[in-house]
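S.K.: Structure incoming, see below.
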Amino acid sequence: MKISKGNLSKLETEYRGYLEGETLDRFFKDFGIKFAAGHWSAGDFLDRFATRGYFPELDSSLEAQLRRIAEAGIEGVEFHDVLFLDEDLRIDEDRVAKVREILEELGLKVSNMNVNMFTDPRWKLGSITNPIREVREKAFEVLLQAADLAKEVGSPSLSLWPGQDGWDYNFESNYLLKFGWFIDACRQASKRCRELGLRFGVEAKLKEPKEGNMIVPTTHIAGWIAYKVNEEIGSKVMGVTIDYGHEQMYAVEPAFTVYALHSMGVPIVGFHINTAKLHSNDEDRVFGTGDIWRFVDYLYAAIDVGYDGWFGEDQFTYRMDPVKAMKLSKEIFGNLMKKALLIYARREELEEARETGDQARILDIVKKIILMG
């Protein structure tokens, strides 16, 4: 992000009141805020109750999804690698070429490439930690290939969310073996990404679809793995992707997680934004519709540690028109980011108050910004 005294002063002049429309877009541009949406946020949504989807009439082809993202006024898109693969999980160059044409037409940028090894039933027992050696080796091959694909489509990063890697029952898994396999795969993926000039991130989650635990249940463990791998290979290529809803699942303070990673020297590869209740499932609702204090604190932390990457919508707004949902998330995000920037403009005053330990004084500094600004 672009933070200076000059543009911070604009918050009180050019960006007074609620931001929307062209003013919101100008705000994003002035502050260098890079905002994206996962392609999945723009399609129809299925769950175990509505197995035919909530908008079955909606065209959920990738081209239609990309056009809806552009319609929502969003500049970046996150992909899953499977969109570009054939039935044998090999890169289909024709698909790559077609998508690149659409991206150029719509003026969209690729913000991240995700590895999808969780929807295909072949991964039901896990991907890179699958107990069956042949399946595990295939998953490792797909992971490294995804780095090549990320480079080919112009993504700055590769992210792995190991959705099927974990367990449902006690005694199901050899935890030590699984953890070792996972770290080794991260090590090799990091080396490949380093060769290609990419960043590699792991996205943690407590559970779901695995109902016991996932192999990387918290961002703090993901951060430790990244620290260990980076130390071994002599490069800070590995980091983490933070998903706000996943942090809510185990009720950690998301802003603290940002600072903890920064203190460890572990890069944040990307922010996934959405809303979920504390200790709930991964709801992925419209961003900013939960605890605003916690959201603003989280965004303030991103500013304070100098994060300059993408913020991406990772949401499943089942019963809402996806274009309207994506627009709402962008709009509310922008207005909450403005609040975080207004607080950052008073950073010295805030730090002085923090040094006194006077909680009332600290809240007096931020209360009007959060509730009114």
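S.K.: Go through segment 279-330 and count every residue that is surrounded by fewer than 19 Cβ atoms within 10 Å (Cβ to Cβ), among the charged types (D, E, K, R) and either touching a Cys at 6+ places or on another chain (Cβ under 9 Å) or within 25 Å of LEU350 (Cα to Cα) (or both).
M.R.: Summing the residues that are surrounded by fewer than 19 Cβ atoms within 10 Å (Cβ to Cβ), among the charged types (D, E, K, R) and either touching a Cys at 6+ places or on another chain (Cβ under 9 Å) or within 25 Å of LEU350 (Cα to Cα) (or both) in segment 279-330 gives 4.
S.K.: Checking ASP59 against (1) farther than 24 Å from VAL99 by Cβ; (2) at pLDDT 95 or above, which test does it fail?
M.R.: (1)
S.K.: Do we find a residue being within 27 Å of GLN145 (Cα to Cα), aromatic (Phe, Trp, Tyr) and at pLDDT 95 or above anywhere in segment 28-38?
M.R.: Going through segment 28-38, the residues within 27 Å of GLN145 (Cα to Cα) turn out to be 34-38.
From what's left, aromatic (Phe, Trp, Tyr): 35.
In the following step, the residues that additionally are at pLDDT 95 or above were identified as 35.
Checking segment 28-38: at least one residue is within 27 Å of GLN145 (Cα to Cα), aromatic (Phe, Trp, Tyr) and at pLDDT 95 or above.
S.K.: Then there is this: So if I check each of GLY373, GLY334, which one is crowded, with 18+ Cβ neighbours inside 10 Å and at pLDDT below 95? First the steps, then the outcome.
M.R.: On the way: GLY334 fails: at pLDDT below 95.
That would be GLY373, the only listed residue that is crowded, with 18+ Cβ neighbours inside 10 Å and at pLDDT below 95.
S.K.: Any idea which of SER127, SER173 is assigned to a loop (DSSP other than H, G, I, E, B), within 21 Å of the chain's Cα centre (by Cα) and at pLDDT 95 or above? It would help to see each step written out before you state the result.
M.R.: On the way: SER173 fails: within 21 Å of the chain's Cα centre (by Cα).
None of the other options fit; the residue is SER127.
S.K.: So the check is Cβ under 7 Å with 6+ separation or different chains; which pairs have a first residue in segment 357-373 that's free of Cβ contacts under 8 Å to residues at least 40 places away in the same chain and a second one that's of a type in the set (S, T, N, Q) and surrounded by 12 or more Cβ atoms within 10 Å (Cβ to Cβ)?
M.R.: That search, which allows pairs on different chains as well, returns nothing.
S.K.: Exactly one condition in (1) buried (at least 16 other Cβ atoms within 10 Å of the Cβ); (2) free of Cβ contacts under 8 Å to residues at least 12 places away in the same chain is not met by HIS272; state its number.
M.R.: That leaves (2) as the condition not met.
S.K.: Let me ask you something else. How many of the residues making up segment 353-364 are acidic (Asp, Glu) and surrounded by 13 or more Cβ atoms within 10 Å (Cβ to Cβ)?
M.R.: So in segment 353-364, the residues acidic (Asp, Glu) come out as 355, 358, 364.
Next, from what is left, pick out any that are surrounded by 13 or more Cβ atoms within 10 Å (Cβ to Cβ): none.
Looking only at that region, the number is 0.
S.K.: Output the number of residues of segment 3-21 satisfying the condition of being assigned to a helix (DSSP H, G or I), in contact with a helix residue (DSSP H, G or I) (Cβ under 7 Å, 6 or more places away or on another chain) and not charged (D, E, K, R). Break it down stepwise before answering.
M.R.: Let us first name the residues in segment 3-21 that are assigned to a helix (DSSP H, G or I), namely 5-12, 21.
Within this subset, residues satisfying the condition of being in contact with a helix residue (DSSP H, G or I) (Cβ under 7 Å, 6 or more places away or on another chain) are 7-8, 10-11.
Narrowing the set further to residues that are not charged (D, E, K, R) leaves 7-8, 11.
Count: 3.
S.K.: Looking at (1) surrounded by fewer than 16 Cβ atoms within 10 Å (Cβ to Cβ); (2) in contact with a strand residue (DSSP E or B) (Cβ under 8 Å, 6 or more places away or on another chain), which one does VAL110 not meet, given that it meets all the others?
M.R.: Looking at each condition in turn, VAL110 falls short on (1).
S.K.: From VAL229, VAL252, VAL266, which residue is part of a loop (DSSP other than H, G, I, E, B), farther than 17 Å from GLY312 by Cα and in contact with a strand residue (DSSP E or B) (Cβ under 7 Å, 6 or more places away or on another chain)? Outline the logic, then answer.
M.R.: On the way: VAL229 fails: part of a loop (DSSP other than H, G, I, E, B); VAL252 fails: in contact with a strand residue (DSSP E or B) (Cβ under 7 Å, 6 or more places away or on another chain).
Only one candidate qualifies: VAL266.
S.K.: Further question: Which one of these is touching a residue at least 24 places away in the same chain (Cβ under 8 Å), in a loop (DSSP other than H, G, I, E, B), of a type in the set (D, E, K, R) and buried (at least 19 other Cβ atoms within 10 Å of the Cβ): LYS236, LYS205?
M.R.: Numbers: LYS236 fails: buried (at least 19 other Cβ atoms within 10 Å of the Cβ).
Residue meeting the stated conditions: LYS205.
S.K.: Residues that are surrounded by fewer than 19 Cβ atoms within 10 Å (Cβ to Cβ) and more than 30 Å from ILE128 (Cα to Cα): does segment 74-86 have at least one?
M.R.: Within segment 74-86, none of the residues are surrounded by fewer than 19 Cβ atoms within 10 Å (Cβ to Cβ) and more than 30 Å from ILE128 (Cα to Cα).
S.K.: With hydroxyl-bearing (Ser, Thr, Tyr) and touching a Gly at 6+ places or on another chain (Cβ under 7 Å) as the only criterion, which of SER263, SER235, SER173, SER157 stands out? Please lay out each step first, then the result.
M.R.: On the way: SER263 fails: touching a Gly at 6+ places or on another chain (Cβ under 7 Å); SER235 fails: touching a Gly at 6+ places or on another chain (Cβ under 7 Å); SER173 fails: touching a Gly at 6+ places or on another chain (Cβ under 7 Å).
Of the residues listed, the single one that is hydroxyl-bearing (Ser, Thr, Tyr) and touching a Gly at 6+ places or on another chain (Cβ under 7 Å) is SER157.
S.K.: Can you find even one residue in segment 58-70 that is more than 22 Å from the chain's Cα centre (by Cα), part of a loop (DSSP other than H, G, I, E, B), loosely packed, with under 15 Cβ neighbours inside 10 Å and not polar (S, T, N, Q)?
M.R.: Scanning segment 58-70 turns up at least one residue that is more than 22 Å from the chain's Cα centre (by Cα), part of a loop (DSSP other than H, G, I, E, B), loosely packed, with under 15 Cβ neighbours inside 10 Å and not polar (S, T, N, Q).
S.K.: Still on this structure: Of the residues GLY245, GLY288, which single one is among the small types (Gly, Ala, Ser), on the phi < 0 side of the Ramachandran plot and either modelled with pLDDT of 95 or more or assigned to a strand (DSSP E or B) (or both)? Even if it seems obvious, please write down each step before you answer.
M.R.: On the way: GLY288 fails: on the phi < 0 side of the Ramachandran plot.
That would be GLY245, the only listed residue that is among the small types (Gly, Ala, Ser), on the phi < 0 side of the Ramachandran plot and either modelled with pLDDT of 95 or more or assigned to a strand (DSSP E or B) (or both).
S.K.: Pairs needed: first member in segment 97-123, in a helix (DSSP H, G or I); second member anywhere, charged (D, E, K, R); C-beta distance under 6 Å; at least 6 residues apart or different chains.
M.R.: ILE102/GLU63
S.K.: Report, by residue number, each residue of segment 315-359 that is out of contact with any Asp or Glu (no Cβ under 8 Å at 6 or more places or on another chain), assigned to a loop (DSSP other than H, G, I, E, B) and not charged (D, E, K, R).
M.R.: Listed by number, the residues that qualify are MET320, ALA345, GLY357.
The values are calculated or read from the model by the stated rules, or taken from the named source; none is laboratory data. For clarity, every value in this text was computed on a predicted model and none was experimentally measured. Here the Cβ is made from the backbone with ideal geometry for all residues, glycine too, and neighbour counts use every protein chain on show.
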